[in-house]
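Data block below; observations after.
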Amino acid sequence: CSPGTNKPVLTLFTKKPCPLCDEAKEVLEPYKRRFILQEVDITLPENSAWYDRYKYDIPVFHLNGKFLMKHRVDIQKFEDRLAKLELQS
């Protein structure tokens, strides 16, 4: 199995405009080789369930499908969780 195929997926629940989301992405920039960023626009009709859940909380991050953090990036928490996932794969 080639390296990089088992990268954790970081899902960012966002909408336009979202200055906090832009800020969060900047904070995560140094780590971007270690995960796959997937953005979910909660304003799209197919994402209405996420909209109902997170409309007042974005940005919200899930790591490999599990809730991780919201509003701001908690680098310590993110690093800990990311390192754990890297050890498992």
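The values are calculated or read from the model by the stated rules, or taken from the named source; none is laboratory data. Just so it is clear, the model here is predicted, and its values are computed rather than measured. So basically every Cβ, Gly included, is an ideal-geometry build from the backbone, and we count neighbours across all protein chains shown. For accessibility, only protein heavy atoms count, side chains too; no ligands or nucleic acids. Shrake-Rupley method; radii C 1.70, N 1.55, O 1.52, S 1.80 Å.
Just a few scattered comments:
- Meets criteria (over 15 Å from the mean Cα position of the chain (by Cα), outside any loop (DSSP other than H, G, I, E, B), surrounded by 10 or more Cβ atoms within 10 Å (Cβ to Cβ) and of a type outside the set (Asp, Glu)) for Asn6: no
- Exclusive hit being in contact (Cβ under 8 Å) with a residue 24 or more places away in the chain, of a type outside the set (D, E, K, R) and open to solvent by 70 Å² or more (accessible area, probe 1.4 Å), set Ile75, Ile58, Ile42, Ile36: Ile36
- No other residue among Arg81, Arg34 is in contact with a helix residue (DSSP H, G or I) (Cβ under 9 Å, 6 or more places away or on another chain) and of a type outside the set (A, V, I, L, M, F, W, C) apart from Arg34.
- Every residue from the stretch 1-51 that is among the small types (Gly, Ala, Ser) and closer than 14 Å to His62 by Cα: Ala24
- Qualifying residue in the stretch 61-70 (condition: open to solvent by 30 Å² or more (accessible area, probe 1.4 Å) and over 11 Å from the mean Cα position of the chain (by Cα)): no
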